[in-house]
1. Ballpark to the nearest 100 Å², how much total accessible area do A and B bury together, probe 1.4 Å?
2. List the distances, in nm and shortest first, from the label point of B:ASN5 to the matching label points in every other copy, placing each point 7 Å from Cα along the Cα-to-Cβ direction.
3. What is the magnitude of the charge dipole of the range A:22-79 about its Cα centre, with +1 placed on the Cβ of each Lys and Arg, -1 on the Cβ of each Asp and Glu, and no other charges, expressed in debye to the nearest 20?
4. Hey, for B:ASN77 with labels 7 Å out along Cα-Cβ, what do the inter-copy distances come to in nm, ordered shortest first?
5. Which residue is it, in chain A, that holds its beta carbon closest to the axis of the A-onto-B rotation, and how many whole angstrom away?
6. Given H placed on each backbone N at 1.01 Å, which residues far from A:VAL56 in sequence or on other chains put an amide H within less than 5 Å of it?
7. Which order do the peptides A:50-62, B:45-57 take when ranked by the mean count of other beta-carbon atoms within 10 Å per residue, highest first?
8. So, in nm, how far is label A:ASP59 from label B:GLN55 when the simple model puts each one 7 Å beyond its Cα toward the Cβ?
Number of protein chains: 2
Amino acid sequence: MSLLNYFKKSKPNTAQLAKERLQILVAHERTQRNQPSYLPELQKELMAVIKKYVQVNQDDISINYESDDEQETLELNIVLPDNV
Amino acid sequence: MSLLNYFKKSKPNTAQLAKERLQILVAHERTQRNQPSYLPELQKELMAVIKKYVQVNQDDISINYESDDEQETLELNIVLPDNV
């Protein structure tokens, strides 16, 4: 499945939600189970980079973190302001 | 579909590819079609951040960029060295 299609499928398809959005996904596939995770720190730095490019309100950021034995994923969903 | 499952589906399932991997996906959903893209610049900065956390060889990075009228996606696939 194309990545473009993945994002299209996951998008709420209502006119009122036709906002500009930015999604950042990070997946770390682990071969060793007991490594410390650096994703929380990485997330902070990624947000700092993104804020250089787009004006982001803290309220408009939703963060989802999932983890299992094999991998961990971090998802940042950002609704961009209308005037950007 | 859970994001964890998306990444699992897209993973080559052969023993010889049991490498540690890091994937970064960026999707920008556009409401205006003629905006200049900032994803190429963003990509460079994201890589700079990632290199603070993991040792990455330039040869082990594959980059995929897709774009259509509605959105653009940037995908970075990084195979991490065994000794990390």
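The values are calculated or read from the model by the stated rules, or taken from the named source; none is laboratory data. Quick caveat, the model's predicted, so the values are computed rather than measured. Here the Cβ positions follow ideal geometry from the backbone for every residue, glycine too, while neighbour counts run over all protein chains shown. In case anyone asks, the SASA skips ligands and DNA or RNA and just uses the protein heavy atoms, side chains included. Shrake-Rupley method; radii C 1.70, N 1.55, O 1.52, S 1.80 Å.
1. Numbers: alone 6790 and 6760 Å², together 9240 Å².
In total, chains A and B hide about 4300 Å² from solvent.
2. Sorted ascending, the copy-to-copy spacings read 1.6 nm.
3. On the way: 5 positive and 11 negative charges, 67 e Å.
The dipole of the range A:22-79 has a size of about 320 debye.
4. So the distances to the same position in the other copies read 2.6 nm.
5. Closest to the axis: A:LEU25, 2.
6. Residues meeting the criterion, in which the H sits 1.01 Å from N, do not exist here.
7. Working: A:50-62: 12.6, B:45-57: 14.7.
Ranked by mean Cβ neighbours within 10 Å, highest first: B:45-57, A:50-62.
8. 4.7 nm
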